[in-house]
Amino acid sequence: MIEAILERCAGIDVGKKFVVVCVMTGGARDEPHTQIKKFGTIVSELQRLAEWLVAERLHSRRDGEYRQLLEAGLQPA
């Protein structure tokens, strides 16, 4: 088994109509707390997603081919 070194992370699946986000938090040696949320792709939904990620103390790592879709909604107003 691979040893955990991160205590919080998120995975984002970007689709045409929805963005599904999984956030895992907890101590590196503990069972993680997992939250899965679904957001729309309109600006207000992306802003809600950004607010949730900030509240969970997560930061964006910009890679992958779909990052441009989220960047507009995740940038501070």
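Each value in this text was obtained by applying a stated rule to the coordinates, not by laboratory testing. These figures come from a predicted structure and were not determined experimentally.
Below, the figures for the structure above:
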{"item": "The range 8-61, Cα convex hull volume normalised per residue, Å³", "result": "74"}
{"item": "Under 5 Å, built H, 5+ apart or other chain: amide partners of residue 58", "result": "none"}
{"item": "In order through the range 11-16: 3J(HN,Hα) via Karplus (6.51 cos²θ - 1.76 cosθ + 1.60), integer Hz, x for Gly, Pro", "result": "x, 10, 9, 9, x, 5"}
